[in-house]
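See structure below.
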Amino acid sequence: TVEPPAEDELAATFEHDPTNPVPTIGGRNLRMANGPKDQSFIEGREDVAVYTSGPIKNPVVMMGPIAADIWVLSPAEEMDVAVRLTDLYPDGRSMLIASGIHKARGTGKVQKVRVDLWSTAIALDTNHRIRVSVSGSMSGAFAVSQEPYVAFIATTPEFPSHLRLSVTEGLVAVPGPGLLPDPVEGAEIDEADAGEGDTTAGTDEDGAAIGPI
């Protein structure tokens, strides 16, 4: 949705088991299969959190940087937050657009983790859907944490996990109270102090459309 989270939205979870990590399928890789591969297998796993939009009513054009601000709570000393952005076709294929991963230090409280998904230039057709999945690993492309854990993803007005898209056509985010834009400048370190209130919706200073997941 392009609207801020509602008060009654429950936290989703993703889990990490080092003996059964979530694999990497496609993407920006040099030593393994790469490109815009179907992510349906990953999204069907019980240890992955998946968010899907409604059908797109007008073509959506993205051109520029992409990032995800994920507010997470986990008892792990360190955790990996892997995010995949996909184009969900009407026939069920979920084709990878961009992905990224960020290692965060455990804090014992809710913290914002900025995951850099690099950049893209793509047009999504009508009746397609935008999908985001969050997991604890991208095995094969990145080293796997050896600590098992469960992580909670917050989607509340205070902690609005959201995706930052450089949209030039087709989507306009609806800002909520107290949501302040800031520029997408690659991957930032995890922010341990959730009380800062540095949350975002609307558009950033470069014109990138921003909306919660």
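Here is how the numbers come out for the structure above:
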| quantity | calculated |
| --- | --- |
| From phi via Karplus (6.51, -1.76, 1.60), per-residue ³J(HN,Hα) for the stretch 118-133 in Hz, x at Gly/Pro | 6, 10, 8, 9, 7, 10, 9, 7, 4, 6, 7, 10, 9, 10, 10, 10 |
| Mean-position separation - Cα centroids, the stretch 108-142 and the stretch 1-30, in angstrom | 8 Å |
| Amide H partners (placed H, <5 Å) of GLY27, local residues excluded | GLY35, LYS37 |
| Per-residue ³J(HN,Hα) for the stretch 135-147, Karplus 6.51 cos²θ - 1.76 cosθ + 1.60, θ = phi - 60°, Hz, x for Gly and Pro | 9, x, 6, 10, 4, x, 9, 9, 4, 9, 4, 8, 9 |
| Stretch gain in nm, segment GLU9-ALA123, where the contour uses 0.36 nm per residue and the Cα spacing is subtracted | 38.1 nm |
| Protection proxy ranking, peptides 30-37, 96-103, 122-129, average beta carbon neighbours within 10 Å, highest first | 96-103, 122-129, 30-37 |
| By average C-beta atoms within 10 angstrom, highest first, the peptides 52-65, 155-168, 12-25 | 155-168, 12-25, 52-65 |
| Prolate/oblate/rounded label for the stretch 37-113 (Cα gyration tensor, a/c 1.5) | prolate |
| Karplus 3J(HN,Hα) series, Hz, for the stretch 155-160 with 6.51 cos²θ - 1.76 cosθ + 1.60 (x for Gly, Pro) | 9, 10, x, 6, 10, x |
| Using a Förster distance of 25 Å, the FRET efficiency for GLU46-THR107 (Cβ separation, nearest 0.05) | 0.45 |
| Cα convex hull volume per residue for the stretch 1-142 (Å³) | 122 Å³ |
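A short reminder: the numbers here are calculations on the coordinates, not readings from a lab. Here the structure is a predicted model, which means the values were calculated and not measured. Glycine gets a Cβ as well: all are built from the backbone with ideal geometry, and neighbour counts include every protein chain shown.
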